[in-house]
Every structure is written in C-alpha cells, then in structure tokens.
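Asks: Have a look at this one before I ask anything.
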C-alpha cells in the first residue's frame, strides 16, 4: 500500500485494505498487527487498534482494515521513507502487506506579518492561515522554493515579492494536499493578492496552480511602471480567474494562463498592460467556461453599483488567445474614459476578424500538442509557427532560444 509524500505532523488520507474469504467455510484469523510499530495506525473491523486477535471471517465475507498515519517531524530537509508491514495470520498461514510513505518536514506559517524574509528551497513552506508581507517589506523566494497553502490561507503582499527561479528550479505556489485527487483540483486556496501600494513585484519561472484566483492585483497609481512582472510563468487550474488585475500596471512575457473557471485573464478598471509571447487558453477539460478567455476593460461596476473608470493602455502581441467561445478576446470601452491599445501579431479564437491579427474559429485546426492533457506547446503543424514579430523577448517559457521568425505564444517550437 503506497501513500504519496506526506507533510509531517499532519494526518494522512485513509486508505482501505480488504481481506476476503473466498472459501465455503468460515476462517479464524488468529491475529492482525503492525509489525514494526511505526506511525501508521489501523482500524480493524471497526475498532481503532493496531493488533486484533481471533477474528472469525465467515464464508464469502470480507474484513475491512483502514490505514492512516501521522508522521513525526525528523528535522530533515530531504524526504524520508516510512514503512511498516501489516501481518495477517490464519490457519498456519501468514500474509504481509507492505506500507510505504515518504515524510517531508516543512516550515509552517499562519496568521503572521513578515518583513524582509528569504525563503529557500530546503523545505516546503506550508501556510495554514493568511500571511501578510507588510508595506515597505520584501519577501524573496530562491529558485526551487515550494509554497503550499491550506484552504483559507491567502498570500497577501502589501510590500514586494521577488520570486526568481530558473528553467530547472521553478518556484511553486499550490495547495497543500498532495494526494492524487488534488493534483489538478481547482479552487483549493485563495491565491496571491497584491494589495494597494505593492509595486515592482517580479515572478520569474514560477507556477501558480489550483487557486480560486491565481493572482489578484489592485494598485491604482499615476505612473505606468510595472506593479507586477510575470516571466516564464504558468497560472493554471483556477476555479475563477487566472490573473485578475484592477487599475494596475502588469507586464507578462512567456506567460501561460490556462484552465480557468472564468476568464484566464481579466484586466479591468483601466491600467497599463503589456503582454508579449503569452498563451491564454480556456478549453473545456476540467470544466467549461462561458466567459471569454481574455477581457480588457477601462471600467468596472462594483457590487454596490458604483462605477470605476480609469484610462487603459494595452499592448498585446505575439500571443495566442484560445477558448471555446464565439470571441475569446473581449474589449469593453467606456468612451468617456481613455483607451489606447496596440494589438497585433496574435492568434485569436474568434468569429470576427481583427486587423493585424490572425483569427480562427475552427477548433479543429492544428495548434497545440495535446489539449486534453494540458500540453500547450505547439504541435509540429501548428498554425502559430513562424507568425511572430521580432521583439526583445529572445527565449520562450522554458528558456529555449527563439529563432529569427518567432512563433506565437509562450512556447517556441524547437527544430529537430
């Protein structure tokens, strides 16, 4: 019986082991027990015990054993093996069931205000409640750092976040459940929230997954300096929006936002937005979204029906916008408010032509390697190959060099 990697000091999921008597007569099980007395615990035939004796198992009947464990902290950086054996004896016969799990020590954080901290890749950081990076303070994440979040644990940034990984050591933000059912389960934690006054944030080679909204940012100001820069990064499996930005200044390069319950990219109430070589995609894999994949608007109506309107400046180039709606690129312009946009050399899923862009409405065109398995690299016959315009972005999401006739989107198709 194999458990996945488990965080120490936390109860595992419960697994089931069933013993069947296929005979036509009853069998007396003389004993069932844990051989090595480890952190595993058993519930045998409904009783919470690690050793049971003289259990009568009727003909064609079965006996249920529930297995769980809480791993004690070892104060080690690397995962370590936890194993034991369930021994079952009957009628001079014996059977051993091997139990295997890997324990991972972690650093636990919650209900804290942090200032000028550096997180390393040595151990994962587990957020069991909200953590705030205070105004004027910096949180630095080294390459390979992993941050895990419980259900009610957002990361709040009032100061600055610098997270710089590399192509072989990405920085991961995700839910704290590691068992297989939660690997790609949307909506498991609130996401990263950049608050008013937070600026000059950088996320490079990062993955943000399984949040409600992957990133939320709202920082209205008078300049067009980037409040948030995203490079070589992926936001995926958000139950609502992938990136929601309000009156903010955001730069995205080699950015993939995919598989969102609402829009993958939602930029509202104005702001300055620059996207180059990005892939924004919503396809009906885990769920279907009736919202356009991307929305840009210079206004926003709040829940109390009041309205925010701010100038919007948009550059969108060399990117792929794909989904399952009639038009997966939506502009909403309040004509009383400023709007300036440069949108060119993009491949867009739309039934309406857009000058200086490539629009397709046929979902069967050759584009990605494997949509069903979330592989949004370009297929060998992809229509996006070679349609880009040269720009300062010289590599792709994986750090691979782009050629003189770059492909659209976050990935550059590599020559054999």
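Asks: Please specify each residue of region 162-194 satisfying the condition of being farther than 26 Å from residue 12 by Cβ, surrounded by fewer than 21 Cβ atoms within 10 Å (Cβ to Cβ) and touching a strand residue (DSSP E or B) at 6+ places or on another chain (Cβ under 8 Å).
Replies: 162, 164, 167, 170, 193 - these are the residues of region 162-194 that are farther than 26 Å from residue 12 by Cβ, surrounded by fewer than 21 Cβ atoms within 10 Å (Cβ to Cβ) and touching a strand residue (DSSP E or B) at 6+ places or on another chain (Cβ under 8 Å).
Asks: Here's something else I'd like to know. Go through region 372-386 and give me each residue that's more than 22 Å from residue 234 (Cβ to Cβ) and either touching a strand residue (DSSP E or B) at 6+ places or on another chain (Cβ under 7 Å) or surrounded by 13 or more Cβ atoms within 10 Å (Cβ to Cβ) (or both).
Replies: Matches in region 372-386: 383, 386.
Asks: Based on this model, can you work out whether residue 6 counts as farther than 19 Å from residue 176 by Cα, assigned to a strand (DSSP E or B) and not assigned by TED's automatic domain parsing to the domain that holds residue 125? Break it down stepwise before answering.
Replies: Values: farther than 19 Å from residue 176 by Cα: no; assigned to a strand (DSSP E or B): yes; not assigned by TED's automatic domain parsing to the domain that holds residue 125: yes.
Criteria not met by residue 6.
Asks: With respect to residue 144, is the statement that it is within 30 Å of residue 13 (Cα to Cα) and surrounded by fewer than 21 Cβ atoms within 10 Å (Cβ to Cβ) true?
Replies: Working: within 30 Å of residue 13 (Cα to Cα): yes; surrounded by fewer than 21 Cβ atoms within 10 Å (Cβ to Cβ): yes.
Taking the combined requirement at face value, the residue satisfies it.
Asks: In the set 409, 399, 386, which member is under 24 Å from residue 296 (Cα atoms) and not assigned by TED's automatic domain parsing to the domain that holds residue 184?
Replies: On the way: 399 fails: under 24 Å from residue 296 (Cα atoms); 386 fails: under 24 Å from residue 296 (Cα atoms).
Checking each option against the conditions leaves just 409.
Matching residues to (1) touching a residue at least 60 places away in the same chain (Cβ under 8 Å); (2) surrounded by 14 or more Cβ atoms within 10 Å (Cβ to Cβ); (3) farther than 17 Å from residue 92 by Cα:
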{"residue": "12", "(1), (2), (3)": "yes, yes, yes"}
{"residue": "18", "(1), (2), (3)": "no, no, yes"}
{"residue": "21", "(1), (2), (3)": "no, yes, no"}
{"residue": "25", "(1), (2), (3)": "no, no, no"}
{"residue": "29", "(1), (2), (3)": "yes, yes, no"}
{"residue": "36", "(1), (2), (3)": "no, no, yes"}
{"residue": "67", "(1), (2), (3)": "yes, yes, yes"}
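Asks: What's the number of the only condition in (1) at positive phi; (2) in contact (Cβ under 8 Å) with a residue 40 or more places away in the chain; (3) buried (at least 20 other Cβ atoms within 10 Å of the Cβ) that residue 197 fails to meet?
Replies: All conditions pass for residue 197, except number (3).
Asks: List every residue pair whose Cβ atoms lie under 7 Å apart, where the two residues are 6 or more positions apart in sequence or sit on different chains, the first residue falls within region 366-378 and is over 15 Å from residue 408 (Cβ atoms), and the second residue, located anywhere, is surrounded by 18 or more Cβ atoms within 10 Å (Cβ to Cβ).
Replies: Note: pairs meeting the criteria are 371/283; 374/258; 374/259; 375/368.
Asks: Would you point out which residue out of 272, 296 is within 24 Å of the chain's Cα centre (by Cα) and part of a strand (DSSP E or B)?
Replies: Working: 272 fails: within 24 Å of the chain's Cα centre (by Cα).
After applying the criteria, what remains is 296.
The values are calculated or read from the model by the stated rules, or taken from the named source; none is laboratory data. Keep in mind that this is a model prediction, so the values were computed, not measured. Neighbour counts are summed over all protein chains in view; Cβ atoms, including those assigned to glycine, are modelled from backbone coordinates with ideal geometry.
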